[in-house]
């Protein structure tokens with residue numbers, strides 16, 4: 001049976017082979033680690049932050065990042081979605097709003113020249 | 001149109017707008033680049049579906065501007081969708097009304113769709129249309145036409161099917177002589193009919209639009225309108 005080190009080394013070799021940078025690997029690992037802790041505590045941030053050894057505000061901020069939320073949404077079981085379903089909805093809403101804002105800006109560019117017509 | 005076609009239509013319309021705007025100097029290079037980049041990135045599916053599905057076919061933007069979808073008429077009797085950019089009430093209130101004298105070949109199949117399309121596209125921008133020889137009971141139609149053109153802020157003439165009755169060129173000549181800013185649209189031929197004879201060379205130098213379909217004509221007209229009206233105001 002492979003040790004944790006061997007399994008990690010194998011994963012790292014695959015990541016490097018796929019062109020994943022150190023920053024991307026750290027981010028992904030951190031995300032999965034947090035997701036696992038959140039999953040184990042049924043989405044309880046206070047318990048998860050204690051298990052991870054970070055302040056709950058730090059964990060809360062990290063959970064706000066969309067990458068993290070997507071990872072969480074993918075990993076967690078449907079029955080354990082107590083926190084993540086709201087967070088994911090929020091992330092989708094943010095993404096939708098960003099699209100709406102960009103769309104408004106685009107359409108404003110279309111309207112602008114016609115203010116001078118007439 | 002199906003959902004994906006609606007989105008494709010909106011994307012193509014706006015793409016043509018940015019390209020034409022950049023080409024005719026309505027839009028700076030930065031705006032053009034910004035617009036094209038946004039078009040490449042944005043998901044337009046929901047917006048397009050909303051626009052095509054609404055009974056009013058209008059979408060209000062923050063600040064009160066409105067995007068309106070209208071269906072214009074094509075040379076072959078069909079229809080095509082068209083987007084109008086309508087500034088909010090405050091901008092509209094500041095607009096001055098412009099009179100546009102319109103001349104074209106008087107055939108039922110031209111009169112109907114051309115006037116319908118012009119009214120949809122120009123009226124919302126406070127450009128009032130006056131049709132050539134609108135008052136057919138006038139005792140002196142020629143004098144009416146001259147006065148109509150003289151009193152207009154701008155003219156629009158179309159040469160579709162004028163080969164055997166080129167009266168419209170007389171009107172173009174009058175507008176030219178009276179120095180009234182003029183848009184001359186020239187039919188280049190399509191599946192509907194063969195090209196109209198070339199515009200007389202003496203009348204060149206006007207704002208000319210060559211087209212094969214009304215969709216092409218009205219996009220070029222609409223996208224060139226801010227620049228054209230800007231020139232009128234400067235003069």
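The values are calculated or read from the model by the stated rules, or taken from the named source; none is laboratory data. Worth saying up front: this structure is predicted, and the values here are computed from it rather than measured. Ideal geometry is used to build each Cβ from the backbone, glycine not excepted, and the neighbour counts take in all protein chains shown.
Among the residues of segment B:61-82, are any touching a residue at least 60 places away in the same chain (Cβ under 8 Å) and within 19 Å of residue A:111 (Cα to Cα)? So far as segment B:61-82 goes, yes, one or more of its residues are touching a residue at least 60 places away in the same chain (Cβ under 8 Å) and within 19 Å of residue A:111 (Cα to Cα). Determine whether residue B:22 is without any contact (Cβ under 8 Å) to a residue 60 or more places away in the chain and part of a helix (DSSP H, G or I). Yes, satisfied. Note on segment B:36-45: residues that are within 9 Å of chain A (Cβ to nearest Cβ) and surrounded by fewer than 17 Cβ atoms within 10 Å (Cβ to Cβ) amount to 2.
I'd like to know if segment B:182-195 contains one or more residues that are buried (at least 18 other Cβ atoms within 10 Å of the Cβ), within 14 Å of chain A (Cβ to nearest Cβ), in contact with a helix residue (DSSP H, G or I) (Cβ under 8 Å, 6 or more places away or on another chain) and at pLDDT 80 or above. Quick ask: steps written out before the conclusion?
As a first pass, look at segment B:182-195 and keep what is buried (at least 18 other Cβ atoms within 10 Å of the Cβ): B:182-187.
Next cut, within 14 Å of chain A (Cβ to nearest Cβ) only: B:183.
Narrowing further to those that are in contact with a helix residue (DSSP H, G or I) (Cβ under 8 Å, 6 or more places away or on another chain): B:183.
Next, only the ones that are at pLDDT 80 or above stay: B:183.
Yes - at least one qualifying residue is present in segment B:182-195.
Only residues that are out of contact with any helix residue (DSSP H, G or I) (no Cβ under 7 Å at 6 or more places or on another chain), outside any loop (DSSP other than H, G, I, E, B) and within 14 Å of chain A (Cβ to nearest Cβ) were counted in segment B:75-97, giving 5. Among the candidates B:172, B:162, B:102, the residue that is in contact with a strand residue (DSSP E or B) (Cβ under 7 Å, 6 or more places away or on another chain), outside any helix (DSSP H, G or I) and more than 14 Å from chain A (Cβ to nearest Cβ) is uniquely B:102.
Of the conditions (1) in contact with a strand residue (DSSP E or B) (Cβ under 7 Å, 6 or more places away or on another chain); (2) at pLDDT 90 or above, residue B:52 clears all except one; give me its number. Here residue B:52 clears every test but (2). For segment B:46-62, name all the residues that are surrounded by 13 or more Cβ atoms within 10 Å (Cβ to Cβ) and within 10 Å of chain A (Cβ to nearest Cβ). Hits for segment B:46-62 are B:46, B:47, B:59, B:61. For segment B:25-35, enumerate the residues that are in a helix (DSSP H, G or I) and more than 10 Å from every other protein chain (Cβ to nearest Cβ). Selection gives B:29, B:30, B:33.
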